[in-house]
1. How big is the C-alpha Rg of segment 126-200 next to the rule-of-thumb value 2.2 N^0.38 Å, as a ratio?
2. Once Lys and Arg get +1 and Asp and Glu get -1 on their Cβ, which of Phe63, Ser186, Tyr88 lies farthest toward the positive end of the dipole of segment 2-212?
3. For Arg253 paired with Asp109, estimate the spin-label separation in nm (one decimal), with each label point 7 Å from Cα along the Cα-to-Cβ line.
4. Using just the helices of the chain, give the 222 nm mean residue ellipticity in deg cm²/dmol: DSSP H runs with n ≥ 4 each add -39,500 (n - 2.57), and the total is spread over all residues, rounded to 500.
5. Looking only at segment 136-211, where both bridge partners belong to it, what percent of the DSSP beta bridges are antiparallel (to the nearest 5)?
6. Solvent-accessible area per residue for the chain at a 1.4 Å probe radius, Å²?
7. Can you tell me the FRET efficiency between Arg214 and Ala73 if r is taken as the Cβ-Cβ distance and R0 is 25 Å, rounded to the nearest 0.05?
8. Sort Thr44, Thr231 by heavy-atom solvent-accessible area, probe 1.4 angstrom, most to least.
Amino acid sequence: MSVIEIDRLTKRYGDVTAVDGLSLSVESGEVFGFLGPNGAGKSTTINAMLDFTTPSSGSVRVFGHDAHEESVAVRRRSGLLLEGYGAYPRLTGHEHVEHAIATKDADDDPLELLERVGLVEAADRRAGGYSKGMRQRMAIAVALVGRPDLLVLDEPSTGLDPNGARRLREVVTAEADRGATVFFSSHILEQVEAVADRIAILRGGELEAVGGVRELRERLGTGTTVELDVTNTTDELHDRLRVLDGVSDVSSRNGTVAVACDGRGETKRKVLNAAADAGVYRDFTVREASLDDVFSQYTEGKA
Ligand code: ATP
């Protein structure tokens, strides 16, 4: 069952088209990573899901409700962490969470939620004195109030140190395990790769790609790089490598020849054989494309 259904969503601000005919669905229980460079339209899409902005055309349905017409029903079942979460400087972290619990008429234990984000020790300090990362941890705790069926997290990693990032991953995994759907945007690709079932990559308001990380890598066909440690980078070696089936690019730097290829065993063997035949081969390393590589391929127009 789809929890989020975005259908040809377009949002214009004057001459700027922030989102351009975006269609996307997110299934129940999925952890869905929403990626894209600055200004790609991620926040605008999230805002349309929660009726913080009205589409110029197209529609968004969440839990089958129209996000604009039935926003109350959508927000009731959602936990939100939006950009620029406004903390009340005079209230403590504990009071923020308590306030959210009262507003949602939930029965969570504030300390347990603060524990999950690693903020218990600072629970009784005023949020006005919190660091950026501490405010972010508090905002994550607030989003968890009421065991929402859908968590919408806009750039949840912002300001988090490595421990905070680990806790965020644990929170996302635990929420998915209890059956919640998690939709989050991020620039921290390792974070996305670690937890997302599927990702979408947005560029200029348009959907560039959607799928599992591995699937997107494979679709690009340049998912694997064989790095050859060679005694000499000859033109002959380059020529031998370039013509091989499954090889998409060959480049050299500092005694290493990087061969971008499709990652099939047969292709890798042919690459190693060609290097051996050229008489310059010493050693090799195989590097799988990181999500970073996938991201730049799609967002810098090389895909
Ligand atoms: P970032 O990663 O930098 O947060 P984003 O992918 O979330 O970027 P959006 O904030 O959705 O991108 O912005 C998409 C485009 O829409 C940008 O060109 C932005 O300047 C424009 N935009 C967004 N909100 C408004 C607004 N209220 N008024 C005018 N233009 C806007």
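1. Working: Rg = 12.1 Å, N = 75, 2.2 N^0.38 = 11.3 Å.
Rounded to two decimals, the normalised Rg is 1.07.
2. Toward the positive end, the furthest listed residue is Tyr88.
3. About 5.1 nm, to one decimal.
4. Details: 11 runs with 107 residues, N = 303.
After summing the helix terms and dividing by residue count, I get -10500 deg cm²/dmol.
5. Working: 5 of 10 bridges.
In segment 136-211, DSSP labels about 50 percent of beta bridges as antiparallel.
6. Working: 14540 Å² over 303 residues.
That works out to 48 Å² per residue.
7. On the way: r = 36 Å, r/R0 = 1.42.
So the FRET efficiency works out to roughly 0.10.
8. Working: Thr44 20, Thr231 90 Å².
Putting Thr44, Thr231 in descending order of accessible area: Thr231, Thr44.
The values are calculated or read from the model by the stated rules, or taken from the named source; none is laboratory data. Note that the coordinates shown come from a computational prediction; the quantities given were computed from them, not determined experimentally. Counting neighbours? That spans all protein chains shown, and the Cβs are built from the backbone with ideal geometry, glycine included. For the accessible areas, the whole protein counts, side chains as well, though only heavy atoms, and no ligand, DNA or RNA atoms are used. Shrake-Rupley method; radii C 1.70, N 1.55, O 1.52, S 1.80 Å.
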